[in-house]
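A short worksheet on the structure shown next.
Just so it is clear, none of the values below were taken in a lab; they were calculated from the coordinates. Just so it is clear, the structure is predicted and the values come from calculations on it, not from any experiment. Heads up, the Cβs are rebuilt from the backbone with ideal geometry, glycines too, and the neighbour counts pull from every protein chain shown.
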Amino acid sequence: MEYQLEEQAGSRTVAMGGKIYSLRMAKGMTQEQLAGVLCISPAAVSKWERNLANPNIEMLWALADFFDCSIDELVGRRTKELEHAGEYDRIRLRMAETAEELLVLSEVSRQKGLLAMEEELKRYQGESSFLKFAVGYFLNAMMENIIPDQIVGMLNNYAATLPPFEQAEGRMITEVLGRIVSGERKELIAELAASYIGVGYREKIGGSRILLNREMKREELIAKYGGRVVASGRTALLEELAGVGNFEIQVLLRNLDNATLTAALCGASGAVVTKFLENLADRVLVFICEDMDNFKGGEEEMAAAQGRVLELFRNIQV
C-alpha cells in the first residue's frame with residue numbers, strides 16, 4: 001500500500017512543517033531571517049518545521065500573508081494536492097503513454113488499414129487493458145455493420161464501469177478510436193487526446209518523446225547522468241539518499257510530484273540521480289530525463305525542491 005500523508009491531527013503537522021520549510025527555502029531564507037520577519041525566535045520556526053509545535057492562528061495568518069498562500073495550503077488541505085501529487089502524475093503520465101499509443105495506431109491505420117491496429121497492439125506493453133479491449137471491440141462491431149457512433153456509445157458505457165482513476169482514460173480511448181475510424185487528421189487526434197490529459201501534459205504527447213526513446217535502452221538513458229556532480233553546496237541535501245534501499249526510494253517517489261523531483265535531481269550528484277532513476281517506471285523515466293535536460297531553474301529552486309524531498313523522506317521514516 002502506498003504511503004500517504006493522512007489528514008489526522010497527528011499527521012497534519014507533517015504536511016504543515018514540510019510546507020513551511022519548502023516555502024522558506026523557495027525564498028532562499030534562513031530560519032533566522034523568517035523569524036525576524038515574524039518577530040519571533042528562530043527556535044519557534046525550527047519547531048514548526050520539525051513538527052514539534054504548530055503556529056497559532058495569528059502566526060498562520062502572518063505566514064499565509066508573507067508567503068502569499070492560503071491557510072488551507074499551509075496546513076495541507078489544498079484539495080489533497082500534497083498528499084496525492086505523485087498519484088496525479090502517475091495517472092496523467094499513464095494517460096500520456098496511452099495517448100502516444102493511440103497516435104501510433106492512428107498512423108498504422110492510415111498506412112495499412114484499420115485491421116493492422118490489432119497486430120500493432122501485440123507489441124504494446126503499457127498498462128491500459130481497456131485499450132486492447134476497445135480496439136478489438138471496435139473492429140468486431142464494425143464487422144457486424146454497427147455504425148461507429150453506436151460503437152462509441154457502447155464503449156463509453158464500458159468505460160464508465162472502470163475504476164474511477166481509469167474512467168477518463170477509457171473515455172479518451174473511446175473518442176480517439178472513433179476519430180481514427182472516421183479518418184480524422186492526426187493533428188486533431190493529438191489535440192483531442194491532450195484535452196483529456198490536461199494543460200500541464202499537453203506537450204508530452206503529439207511529438208516524439210516516447211517514440212524516440214523506445215530505441216534507447218533503459219540502462220543507456222540512466223547512464224547519461226552517472227557523472228554528474230552537485231551543483232553547489234546548497235544542493236547537496238540528498239547525498240545521503242544514495243545509500244538507502246530501493247523500497248524507501250520507491251515509497252518516496254510515490255509521494256513526489258514530477259516538478260519537485262526534476263528540480264531536486266538537477267542539483268544532485270550522479271549517484272543520487274541514478275538511485276532515483278533506477279526506481280522509476282519506464283514511462284516516467286523518459287519524461288523525467290527529458291524534463292531534466294530542459295530544466296531552466298536555478299540553485300534556489302533546486303535547493304528548495306531538495307529540501308522538500310528530504311523532509312518528506314524523514315516523515316516517511318517516522
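Before moving on, here are some points about what is shown:
- Using a Förster distance of 51 Å, the FRET efficiency for M29-E107 (Cβ separation, nearest 0.05): 0.50
- For the listed residue pairs K132/K186; K47/K296; K132/K217; K132/K275; K19/K275, the alpha carbons are over 23 angstrom apart in K47/K296; K132/K217; K132/K275; K19/K275.
- Ordered by the count of other Cβ atoms within 10 Å of each Cβ, fewest first, W48, W61 give W61, W48.
- Looking at segment 225-318, the trypsin sites (Lys or Arg not before Pro) that sit in a DSSP loop and have at most 10 other Cβ atoms within 10 Å of their own Cβ are K296.
- What you get for segment 94-190, charging only the Cβ of Lys and Arg (+1) and of Asp and Glu (-1), is a dipole of about 120 debye around the Cα centre.
- Of the peptides 157-165, 94-102, 16-24, the order by per-residue mean of other Cβ atoms within 10 Å, starting with the highest, comes out as 94-102, 16-24, 157-165.
- Taking other residues whose beta carbon is less than 15 angstrom from the beta carbon of P148, and scoring Lys, Arg as +1 and Asp, Glu as -1, yields -3.
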